[in-house]
Amino acid sequence: MLAMMDDVLHIGNETENKVQAEQGKLPEPELKPEKAPEETKLETPKEKHSDSQTPLIDFQHVTKAYARKVAISDVNLRINEGEFVSIVGQSGAGKTTLIKLLTKQEPPTHGSIFVAGRNLADLRAKEVPFYRRKIGVVFQDFKLLPQKTVWENVAFALEVCGFSQDEIERRTTKALELVNLGRRRKNYPEELSGGERQRTAIARALVHSPKILIADEPTGNLDPVNTWEIVELLYRIYQRGTTVILSTHNRQVVDKIKKRVILMKGGKIISDELGGKYVI
Amino acid sequence: MNLGVNMSSSFFPTIKRIIKLGLTNFWRNRWLTLGATLLMTLTLTMISVSILMTYLLRDTAALINSKIDLTIYFRDDTVVDNSITALMTRIQGLPDVTSARFVDKAAALAIWDRLPINENIKKPVTATNNTLPRSIEISTNSPDSIQSVVDKIGATDTDKIICTECVSYSKNKDTVNRLISITKFVQRAGLVLSMFFGLIAIFNVMNIIRITITARSDEIEIMRYVGASNAFVRGPFIVEGILYGLFGTIFTTLFLLAIGYGSSYYAGTSSGALSFLQMINLDIFQYVLAHLFDLVLIQLGIGVLLGIVVSSLSIRRFLEA
């Protein structure tokens, strides 16, 4: 218990320092909806690319076959710590399957997936929840609990993990500040706009201070203004040092980010380039 | 990044949260949970009624058994009181005998005087002219063992006994045997029937708990995404299962008391269908009250256990393999 609290506190302090360090750098912490997408300038931190580094995520010849369909076949993919990776492709290209494998909702049919050097296949069933606490996941349909307020939805993620009430208070406040939803804490999801709902979901995903944030079509249900809100937020999270994996089929989003783009088609990676664009 | 190594989490706040979540869910989904609670009530009522029936049969059988006396009459001329006392000591030593009472001539006369028979027949027998025989009244632990007791006594002391025909058991043998077989049949049929109904009710409770869990699969999914352990996902549902058992017990007990009170009242005031209860001198309300503690304990045990087992079984497919 003590070891865990140590770990938690450590991560917490680290995050706090980063937030303080980067608050000066952010040109506009307040996200303004009236800001047109074209004007959005995204600041790029130094890339941490080097081939010698042990990758944070390593897919080795991964195939996932369902009864009627092969969702992804022989995928090799390495993602380093601190990267912003966009996975693009049409529906059915295998993006969601990739994410399901990464969150260990499903096992691969063939091949191995390593996260931080550990093979996910070796994680015992009991360890899986603890693994999930180290990755935040955001979905197209938000997956918020309708009968809980914004605050309760975010705090819930900590409650189920046995955090102390003080720690929940502290982390939830900070996560809601980060996504700029402090004022909406007492509202229920149905009283929020789509963008606010997704920001709540992002706050919930971040509240554990995960090393990886996975966003599966986070803007799929949002209008362009809200879409930019979310993309900017994801980018800020990336700037704070979290590895972000964004799955999307929104060409504008990918073209704007100008980061590593992985294009999938028919269950295979057909291109993988830095500063890439969405080209089919 | 450390994967899945810090497996411990603080225990007490977690337990508190699990209980709170269970209570909240119970109240928030009150229509579904009401359905589950009512089905649980039905199950427990059926089980309670069959238990009451078993009790009633058992008590009736015990009553009948205690009334079946094996009486041995002694000849006045050949038997002295001392040998009767000796025989009685031996009878009391027999394994199947629960009690043996010596009735002397004075006691026999007292009984004779109270008999509802013609005074002209009664008159000749007086304290000075007492022709009534002395006897030993024997109670056995079950009607089944009367014959063996008769055999054991009859084999050694036939000369002291007026007549074997006088043993009351011989006259009632057929009736007693029929009664025994009916009692046994009713008991067995009741057991099978209550097991059958109990099984149906258990399936219904299982189904409704499954429905309540499926209705909340979104919540379970979210709990898993945010890294809730299996124990935490399961916990609130187990709390709910316990609540079904608790509320089921409360409803069932109230229901039984109401039925008991109603039937007692009806039996007391009318000459209707339930007046037979008066004839056999049975007050259902009192009877339920007398067994209330047993019943509540049994209901609580079965209800809570059923709730826990069914909830854990139903939640299993939502948990990590």
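Just so it is clear, none of the values below were taken in a lab; they were calculated from the coordinates. Model, not experiment: these values are computed from the prediction. Here the Cβ is made from the backbone with ideal geometry for all residues, glycine too, and neighbour counts use every protein chain on show.
General remarks:
- Between B:TYR266 and B:PHE293, the contour length at 0.36 nm per residue exceeds the alpha carbon distance by 7.3 nm.
- When peptides B:189-197, B:28-36, A:224-232 are ranked by their average number of other Cβ atoms within 10 Å per residue, the highest-first order is A:224-232, B:28-36, B:189-197.
- Per-residue shielding of A:143-149, expressed as the average number of other chain Cβ atoms within 10 Å of the residue Cβ, stands at 3.
- Partner shielding of A:196-206 amounts to 1, given as the average count of beta-carbon atoms from other chains within 10 Å of each residue beta-carbon.
- Built amide H within the under 5 Å cut-off of A:SER271, gap 5+: A:LEU263
- Relative packing of peptides A:170-181, A:196-207, B:15-26 - highest average C-beta neighbours within 10 Å first: A:196-207, A:170-181, B:15-26
- Across the cross-link table entries A:LYS100/A:LYS148; A:LYS143/B:LYS20; A:LYS69/A:LYS95; A:LYS64/A:LYS95, which are compared at the Cα atoms, the separations over 18 Å belong to A:LYS100/A:LYS148; A:LYS143/B:LYS20.
- Using a Förster distance of 25 Å, the FRET efficiency for B:LEU34-A:LYS186 (Cβ separation, nearest 0.05): 0.25
- Here r is the Cβ-Cβ distance between B:ARG75 and B:ILE121 and R0 is 22 Å; the resulting FRET efficiency, rounded to 0.05, is 0.50.
- Kirkwood Rh (inverse of mean 1/r, distinct Cα pairs), segment A:148-207, angstrom: 11.0
- Simple spin-label estimate for B:MET195 and A:ASP166 gives 5.9 nm between the two label positions (7 Å along the Cα-to-Cβ direction from each Cα).
- Averaged over peptide A:129-139, the number of partner chain Cβ atoms lying within 10 Å of each residue's Cβ comes to 6.
- Förster radius 25 Å - calculated FRET efficiency between B:SER181 and B:PHE203 (Cβ-Cβ, nearest 0.05): 0.15
- About the Cα centre, charge dipole magnitude for segment A:156-275 (Lys/Arg +1, Asp/Glu -1 at Cβ), debye: 320
- Amide hydrogen neighbours beyond the local backbone of B:SER99, cut-off 5 Å, H modeled: B:SER139
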